[in-house]
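The values are calculated or read from the model by the stated rules, or taken from the named source; none is laboratory data. All values reported here derive from a predicted model rather than from experimental measurement. Ideal geometry is used to build each Cβ from the backbone, glycine not excepted, and the neighbour counts take in all protein chains shown. Quick note on the areas: whole protein, heavy atoms, side chains included, nothing else; ligands and nucleic acids left out. Shrake-Rupley method; radii C 1.70, N 1.55, O 1.52, S 1.80 Å.
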Amino acid sequence: MRVMWLQSGGCGGCTLSWIGGDGGPLFATLADAGIEIVWHPSLSEASADESLDILESCADGRRDFDVLCIEGSLLRGPHGSGRFHVLAGTGRPMIEWVKLLAAHARHVVAVGSCAAFGGITAAGVNPTDACGLQYDGTNSGGLLGAAFRAGAGLPVVNVSGCPTHPDWVTETLLSLARDELHEADLDELARPRFYTDVLVHHGCARNEFYEFKASAEKNGDQGCLMEHLGCKGTQAHADCNLRPWNGGGSCTDGGYACISCTEPGFEEPGHPFTVTPKVAGIPIGLPLDMPKAWFVALAALSKSATPARVRQNAKADHVIRWPRPARKP
Amino acid sequence: MSRLIVGPFNRVEGDLEVILDVTDGRVRAARVRSSLYRGFEQILQGKAPPDALVFVPRICGICSVSQSAAAARALAGAMGIAPPANGRLVANLIQAVENVADHVTHFYLFFMPDFARPCYESQPWWRAAAGRFTAVRGAAAGDFLPARAGLMRSMGLLAGKWPHTLTLQPGGSTHPVNASGRLRLLRVLREFRQFLERVLFGDALEAVAAIASSDELARWAERHAESDFGLFLRAARALNLRALGQAGVAFMSYGAYEQENGRWWPAGIWSGGARPLDPARIAEDVSHAWYADATEPLPPSRGSTLPIADKDAAYSWCKAPRLGGEAVETGALARQLVAGHPLVRDMIEREGGGVEARVVARLLEVARLLPAMEHWAEALRPGEPFSVTGELPAEAECAGLVEAARGSLGHWLNIRRGRIHNYQIIAPTTWNFSPRDRVGQPGALERALVDVPVGEGEKSPVAVQHVVRSFDPCMVCTVH
Ligand code: SF4
Ligand code: SF4
């Protein structure tokens with residue numbers, strides 16, 4: 001399986017994250033699965049005129065390739081001209097290259113939330129009119145249009161995340177190479193379900209604090225980050241606390257909120273990221289499928305039942321009370 | 001005269017085009033075009049100031065933590081707070097991890113593969129270089145990527161993940177390290193030290209850091225020809241990479257790594273001698289960049305970013321920052337020069353600072369940093385605070401000046417009515433790859449490319465590629 005990879009309006013962080021995965025030597029893993037990199041802006045030897053040859057021959061169908069990976073948002077501005085990113089050496093806007101190449105690809109993969117939905121580059125006034133390959137935020141459409149299907153029949157596969165976990169990318173490529181990624185394996189936003197069928201909340205080390213609504217109030221506190229510090233782990237689809245990052249971390253493990261970077265529109269939450277918006281003291285963003293009345297009732301009940309150990313540790317930056325071993329009588 | 005348009009330039013972060021005027025086999029003039037604009041400075045306007053910590057790391061996937069550090073510093077300035085000792089140590093550690101990772105990533109993945117090119121087939125070192133460094137397939141990548149991933153475990157430990165962490169805050173770090181975390185961190189650092197000593201240098205880090213002159217380096221290279229650094233030095237000697245790609249401008253560093261009393265590597269300017277740095281003399285010229293012109297170059301605290309795609313004299317999305325009207329070069333070479341490392345000073349005084357000096361300074365920095373990181377990890381005090389809290393005022397003007405792997409990075413923040421009124425960023429490669437300014441003065445790379453040889457029939461001259469990549473450019477930072 002031959003992979004062509006291009007970067008546009010993003011930070012390159014998904015590539016940097018990808019090559020930092022600790023699932024073994026990446027290039028050997030790819031080679032072993034028969035995955036060949038036709039061109040990648042950070043990794044290939046071919047530069048300038050040599051890379052242009054590769055690009056042009058892929059774009060006009062003279063050279064076969066299977067998968068088009070796009071990293072970074074697609075910049076349609078100014079005024080639909082795409083000139084905020086003219087691919088170097090070509091005088092032609094990147095969005096045109098992407099359309100040409102997508103027409104020849106068996107699969108198109110959006111690597112990261114920028115390429116999937118627009119992402120960070122589409123925040124604020126969206127100065128560059130940035131969008132994703134097949135989504136503009138939560139709306140389908142984007143650069144290629146809602147009806148787009150790649151050669152093998154799938155829509156753009158959205159490996160969202162800001163950045164993506166290294167294994168989300170590697171496993172997407174491996175599943176495609178093994179012909180094991182089909183429509184049913186993608187969720188409503190065309191993300192591979194192998195990492196979006198769960199929530200960030202699942203497996204978070206702060207779960208006991210969550211149960212008792214024993215909440216962190218300031219940076220460094222050990223309590224749950226949902227009530228005050230903006231955590232969206234109960235709403236964000238991703239396995240960040242089941243599949244560790246960089247050998248064992250995650251956002252919530254690092255002591256800061258999940259900002260739901262795998263979701264479309266995460267870049268504009270409508271409130272400061274690390275402060276939980278509340279109405280009458282109750283967080284607005286409640287766990288995905290939990291009725292509000294139940295949440296409020298349970299929260300009140302569990303708060304009153306909080307063990308002193310949990311209550312005190314929640315507001316401390318290290319364990320000050322630990323579960324005592326039971327003593328023999 | 002003939003004109004060469006070289007692009008898309010890969011194995012740099014982001015997209016880059018270089019336009020060369022060539023006569024008699026030499027570059028006569030170069031223009032450097034940053035071809036991507038995203039508009040972070042526009043996006044940040046109107047946001048809650050702490051939200052900068054979410055946005056700015058996403059300017060750049062390779063120096064994400066440095067961007068966080070600059071923002072955290074600007075916000076801390078506005079709040080009038082400083083992190084406690086543990087917070088300072090963690091900030092040093094995660095910045096150093098990124099710095100080291102970036103330097104070795106540049107060496108193994110971006111820079112060295114050019115020496116495996118078939119154009120060097122007749123060189124006696126080529127077979128070894130091709131075996132080690134051929135892009136993707138070379139043996140070195142197989143050694144390096146797992147070692148890099150091993151080092152990045154320290155980011156999982158200290159910062160939750162990398163890139164794009166929120167752990168660095170104005171008051172310190174959000175992740176208190178406990179006793180076992182500290183031990184794991186030390187183990188990760190010791191493991192990476194082994195990779196460096198066994199594979200990259202073939203020598204103890206302390207011995208590499210102690211090389212004090214150009215002659216000593218030459219003797220060291222002979223004794224360690226089998227190591228990856230030794231192989232580079234051999235190729236560099238054969239191709240005379242010392243003379244190649246000198247910019248001939250002053251070197252600048254904002255200073256790096258906080259200690260109790262000032263920065264370990266101090267801030268300053270080097271041009272034949274060390275001078276103090278006055279950041280108030282920084283201004284950005286946009287005469288050749290696609291932005292609405294101001295009547296004069298503006299200091300970043302008053303800077304503006306209004307893109308216009310049609311502008312006659314313009315050829316880049318990169319602004320042209322100048323220090324007191326002068327172009328400067330920034331990066332590891334500048335940092336080590338200003339910090340007074342004897343090897344780097346000797347190289348510059350004898351031969352000037354070209355391709356080889358830039359690469360040597362980077363690897364020297366790696367050899368100096370790792371022992372310092374072990375020391376910082378030892379100094380962590382589990383159980384004591386890692387951060388303090390503070391209040392943001394409704395009005396403030398503050399700068400955050402730090403060193404990223406690639407050089408001097410500055411954020412200038414202006415808060416009005418509790419919101420970001422203006423946010424201006426000057427990244428390392430903005431300095432190094434700036435276009436011409438209103439008096440026609442080229443940026444550092446544009447100068448460094450003049451006189452570079454272009455072989456018969458070469459469309460993307462290999463010497464030009466060495467010079468460009470020797471700066472380890474980060475184009476996504478450059479324009480942001
Ligand atoms: S910190 Fe977030 S992910 Fe963790 S338990 Fe609380 S709500 Fe769930
Ligand atoms: S924890 Fe949330 S913000 Fe962090 S990487 Fe996962 S989805 Fe993104």
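The overall shape of chain A, judged from the alpha-carbon gyration tensor, is prolate: a/c is not under 1.5, and a/b is greater than b/c.
Note that the stretch B:126-143 has calculated 3J(HN,Hα) couplings of 4, 4, 5, 5, 5, x, 7, 10, 3, 3, 6, 8, x, 5, 4, 4, x, 7 Hz, one per residue in order, obtained from phi through the Karplus relation 6.51 cos²θ - 1.76 cosθ + 1.60 (θ = phi - 60°); glycine and proline are x.
Taking amide H atoms as placed 1.01 Å from N in the peptide plane, the amide H of B:Tyr291 lies under 5 Å from those of B:Ile308, each 5 or more residues away in sequence or on another chain.
Spread over its residues, the convex hull of the C-alpha atoms of the stretch A:199-316 is 103 Å³ per residue. If you take the Cα centroid of the stretch B:96-145 and the Cα centroid of the stretch A:19-55, the two points sit 14 Å apart.
Would you mind calculating the relative contact order of chain A from Cα pairs under 8 angstrom and at least 6 residues apart, reporting the percent as a whole number?
Numbers: 659 pairs, mean separation 47.7, N = 329.
In percent, rounded to a whole number, it is 14.
Protein heavy-atom accessible surface, 1.4 Å probe, per residue over the stretch A:2-196: 31 Å².
Which shape class, rounded, prolate or oblate, goes with the stretch A:2-196 when its Cα gyration tensor gives a ≥ b ≥ c as root eigenvalues, a/c under 1.5 marks rounded, and past that a/b bigger than b/c marks prolate?
Details: a/c = 1.40, a/b = 1.12, b/c = 1.25.
Rounded shape, in that the Cα axes give a/c under 1.5.
A cut-off of 5 Å between modelled amide H atoms, ignoring neighbours fewer than 5 places along the same chain, links B:Glu329 with B:Ala250, B:Phe251, B:Met252. A simple packing score, the average count of other Cβ atoms within 10 Å per residue, orders the peptides B:185-196, B:17-28 as B:185-196, B:17-28, with the highest score first.
Counting only other residues whose beta carbon sits under 12 Å from that of B:Val249, what net charge do I get with K and R as +1, D and E as -1?
Working: positive: B:Arg322, B:Arg447; negative: B:Glu326, B:Glu329, B:Glu446.
Net charge in that neighbourhood comes out at -1.
Round to a whole number: what % of the accessible area of the stretch A:199-316 belongs to carbon and sulfur, probe 1.4 Å?
Roughly 61 percent of what the probe reaches on the stretch A:199-316 is carbon or sulfur.
Summing Lys, Arg as +1 and Asp, Glu as -1, what charge do residues with Cβ under 13 Å from the Cβ of B:Ala221 carry, B:Ala221 excluded? Combined, the nearby Lys, Arg, Asp and Glu give -2.
The stretch A:58-91 and the stretch B:321-390 have Cα centres spaced 37 Å apart. Coupling constants for the stretch B:446-462 follow from the phi torsions by the Karplus curve (6.51 cos²θ - 1.76 cosθ + 1.60, θ = phi - 60°), and in residue order they are 4, 6, 5, 7, 5, 6, 5, x, 10, x, 3, x, 6, 8, 10, x, 5 Hz; glycine and proline get x. Pairs over the 19 Å Cα-Cα cut-off, from the set B:Lys47/B:Lys319; A:Lys213/A:Lys278; B:Lys311/B:Lys459: B:Lys47/B:Lys319; B:Lys311/B:Lys459. Proximity of backbone amide H atoms, modeled 1.01 Å from N, is registered between B:Ala29 and B:Asp21 at under 5 Å, excluding neighbours fewer than 5 places apart on the same chain.
Buried area at the A:B interface is about 5800 square angstrom, summed over both chains, from accessible surfaces computed with a 1.4 angstrom probe.
From its DSSP helices (H runs of at least four residues, each -39,500 (n - 2.57)), chain B gives a residue-normalised ellipticity at 222 nm of -11500 deg cm²/dmol. Could you please state, rounded to a whole Å, how far the C-alpha centre of the stretch A:235-309 is from the C-alpha centre of the stretch B:187-266? One Cα centre to the other: 45 Å. Summing charges over neighbours of B:Val462, with a neighbour being any other residue whose Cβ is under 11 Å away from its Cβ, gives +1 when K and R count +1 and D and E count -1.
What the Cβ-Cβ distance of B:Arg417 and A:Val279 gives, at R0 = 30 Å and to the nearest 0.05, is a FRET efficiency of 0.80. Angle of helix A:292-304 to the longest C-alpha principal axis of chain A, folded into 0 to 90 degrees and rounded to 10: 50°. Using just its DSSP H runs of length 4 or more, each adding -39500 (n - 2.57), chain A gives a mean residue ellipticity at 222 nm of -6500 deg cm²/dmol after division by all residues. Across the stretch A:94-101, computed HN-Hα scalar couplings (Karplus, 6.51 cos²θ - 1.76 cosθ + 1.60, θ = phi - 60°) run 4, 4, 5, 4, 4, 4, 4, 5 Hz from first to last residue, x flagging Gly and Pro.
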